[in-house]
Amino acid sequence: MSSSLSAPSIKSPLLTPDQSLSLWNRRILTVLGCGFVLMSLAVFADKGVTGEAAQLSPEGIEGQIAWRQHNCVTCHQFFGMGGFLGPDLTNVVDRIGPETVAWVLRNGRGSMPKLDLSEIEIANLVTYLAEMNQTGKFPPNDWPPKWFPDADFSPDTLPAEGRE
Ligand code: HEC
């Protein structure tokens, strides 16, 4: 039998000619595998990402209805999802307090339109935002880190020319 008919030898960086992993490759794959499992556990254990399901009171549910009727999500986000004209509102109640939230809803501010909401709607929206605030933290784990340029997303810290 001529040698040209024998199977070509496979040259792979991971496999030895007899197709079994060398001891070093096993070690490298074990380290990578453990790293992958630990990373996955860390991501799934992160409260800021998984959060809690919103526990809405009757007023909170009314607030959610007003949120949808007035299309707040076209300009605002929860957990980074939504429109991007206005800021993320996941933790707005923590950030500026319920009275200021009500004030902005009543009067508008900058590019935030005055929406002619009733006082009941404003109270319900504040309750809804306060209950959404309990569901988690965004951005999670202060990402991007504080040392990163432009790390603070709050509209209060935008340079003057960035505000309207
Ligand atoms: C047309 C886009 C638009 C819509 C619709 C809109 N907003 Fe806004 N909103 C903005 C912008 C832009 C700002 C930032 C205003 C500023 O820079 O002063 C803002 C600011 C806010 C703030 C203050 C945020 C902060 O961090 O100080 C709250 C609270 C808020 N909006 C709630 C709502 C709610 C609730 C609705 C729906 C009833 C709504 N917005 C609908 C654009 C919008």
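Quick notes
- Modelled spin labels at Phe44 and Val73, positioned 7 Å past Cα toward Cβ, are 2.7 nm from each other.
- Whole-Hz ³J(HN,Hα) from phi, Karplus 6.51 cos²θ - 1.76 cosθ + 1.60, for segment 102-115, glycine and proline x: 4, 4, 4, 5, 6, 10, x, 6, x, 7, 7, x, 6, 9
- Amide proton proximity set for Asp88, modelled H, under 5 Å, gap of 5+: Gln77
Bear in mind these aren't lab numbers, they're just calculated from the coordinates by the rules spelled out. Remember, it's a predicted structure, so these values are computed and weren't measured experimentally. FYI the Cβ positions are ideal-geometry reconstructions off the backbone, even for glycines, and counts take in every protein chain you see.
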